[in-house]
Amino acid sequence: MSVLKEADQQLIRLLADGQFRSGSELGEALGISRAAIWKRVQRLEEFGLALESVKGKGYRLAQPVDLIDPLSLQATLGDRAQLHYQWVTDSTNADALAIEGPVSGPLVFVTECQTAGRGRRGRQWQSPFAANLYFSIRFPVSGGFAALGGLSLAVGVAVAQALQELDPPLPVTLKWPNDLQINGAKVGGVLIELAGEMDGQVDVVIGVGVNGRMTGHQARDIDQAWTDLASELANMPPRTTLAACVLSRLLEMLPHFSQHGFVAFQNDFDRYDAVRGKSVQVQSGDQMILGRAVGVLADGALRVETPDGVREVYGGEVSLRVR
């Protein structure tokens, strides 16, 4: 894993406002030479930070950086969850899975940048520094693996509700089984992983990524239509506020899900459902299902109306396309 050293962190803080700073000014603040500053500036580009250098003016970040304030975030979470915050990590889901369990209550893992962020079906989740929201929650659910049907859909509902809390008219929808969309473009995703089952309790890891403010350069490897909240919200909040709002909704939802399952969120999901009534193509393993999506069941399965009758498709290693 790449590591941001203390001097790198100081450099980011000095440049966070997007204003020019001369090499000598930066060198003096960090106690290193101008040549060493240039090397550190080059290093920051590894983390998705675009820097500009202008002779006679010095260096600046191409856009200001809005760092998450972990003390403020933990204060908002209170005793509902324990926060683990890092500037850079491989993957917040991997960090959550690495904790020896079972856990007694929610653990929240938040980072500014993932160097090996994971999406569904083995894809990489683009995670440039301080551009988006990247977090995972490790949470104990009673009832074992059987109780987890529809969890990714319930998570999607909670995140969608949090975004509409910030901007009520925001036209956010959910594409079964894991995507958040705005006007058909992906704005976020959910990745559920299991940390193991002991004595009827399963520790589940919920990974969430939401695009906050991302440049075209940072998103160059994304292979589908995407958008970010800065482009869609009436007023883009600080990332700490965004994280607090989304995490609060999820921490409110999870005990409810643990007790009642997805059925408690089914009606809410129906209101956000982006594919209901549409012609879809679902790839599940080596099986291709073509038909019309006709909603979801109480266990989170997608119902697809085909010429041979209604098929039920479960999440996991599946791919869905609207035709």
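Since every read-out is calculated from the coordinates, none of them should be taken as a lab result. On a predicted model such as this, the values are computed, not experimentally measured, just so you know. Here Cβ is always computed from backbone atoms with ideal geometry, including for glycine, and neighbour counts include all displayed protein chains.
Annotation note: GluC sites (Glu not before Pro) in the range 25-131 located in DSSP loop regions with a Cβ neighbour count of at most 11 within 10 Å are Glu100.
Note on the chain: dipole from Cβ charges, positive end direction compared against Ala16, Pro237, Thr76; the farthest Cα belongs to Ala16.
Multiplying the residue separation of Leu67 and Ser104 by 0.36 nm and removing their Cα-Cα distance gives an extension gain of 10.4 nm. Using alpha carbons only, the radius of gyration of the range 149-199 set against its Kirkwood radius gives Rg/Rh = 1.08. A straight chain from Ser279 to Glu252 at 0.36 nm per residue would run longer than the Cα-Cα distance by 6.3 nm. On the beta carbon distance between Lys55 and Ala29, with R0 = 22 Å, the FRET formula returns roughly 0.60. Distance between Cα centroids, the range 266-323 to the range 165-193: provide it in whole Å. About 17 Å separates the Cα centre of the range 266-323 from the one of the range 165-193. Setting aside same-chain residues fewer than 8 positions from Lys57, which lysines have a Cα under 24 Å from its Cα? By straight Cα distance, Lys57 reaches Lys39. Taking 0.36 nm per residue of separation and subtracting the current Cα-Cα distance, fully stretching the chain between Arg323 and His260 would add 19.3 nm.
Taking Cα centre as origin and charging only the Cβ of basic (Lys, Arg, +1) and acidic (Asp, Glu, -1) residues, the dipole magnitude of the range 217-323 rounds to 240 debye.
For the range 261-323, the relative contact order comes to 32 percent (Cα pairs under 8 Å, sequence separation of at least 6).
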